[in-house]
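Below is one structure, written out as structure tokens; the observations come after it.
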Amino acid sequence: MCTPGLLAGASSVGRLGWGGGAVGSPAGIVLRSVRLVLREFEPGDAAFVLELVNEPPFREFIGDKGVRSLEGARAYLRDGPLASYARHGFGLWLVERRGGGEALGMCGLLKRDALPDPDIGFAFLERHWGRGYAFEAASAVLAHARDALRLPRVVAVTAVGN
């Protein structure tokens, strides 16, 4: 069962040393934090998406997206994040380690028909868990939602066991 709720804590962004970028920055960069870069997905990110969405925790807590090939991953990107950027001006963004460009996960805002407000979502490769990347990325996304996108409210959905 998933429970929507108001996500708090955006005020902690300043303590993270947030020095943001803006949409339209070089190479599709949307946001930067102390350790991370969040950028728009590109079709070339299909191999990363294929790995991420097929990890057991992703499939258990987020769902099986039915992506089993690079072509399926490109379709997921085209119909998901890329379509959302065009439709809403936001979506899920690729989270990379700053400086090295290693893809760690994804984090961003989704507009779901079943919810009255955008919700924040994230997923990281299991090998990158426990390092605070999700908190850092989500804090940056919330600050961006508030300050740049001027969204009055962002909600979150989670599974009880997650």
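Taking every Cα-Cα distance in the stretch 112-162 and sorting them into 5 Å bins from zero, the calculated P(r) comes out as 4, 16, 24, 24, 18, 10, 3 percent.
How many percent of all Cα-Cα pairs in the stretch 15-151 sit more than 26 Å apart?
When every Cα pair of the stretch 15-151 is considered, 17 percent fall beyond 26 Å.
Peptides 123-130, 71-78, 102-109, ordered by how many other C-beta atoms sit within 10 Å of their residues on average, highest first, read 102-109, 71-78, 123-130.
Here LYS111, LYS65 are placed in order of increasing Cβ neighbour count within 10 Å, fewest first, which gives LYS111, LYS65. Rg/Rh, computed from the Cα trace of the stretch 44-102 with Rh as the Kirkwood radius, has the value 0.98.
Here, each number is a calculation from the coordinates, and none is a lab measurement. Everything numeric in this text was worked out from a predicted model, so none of it was measured. Cβ coordinates were reconstructed from backbone atoms using ideal geometry, including for glycine residues, and neighbour counts include every protein chain displayed.
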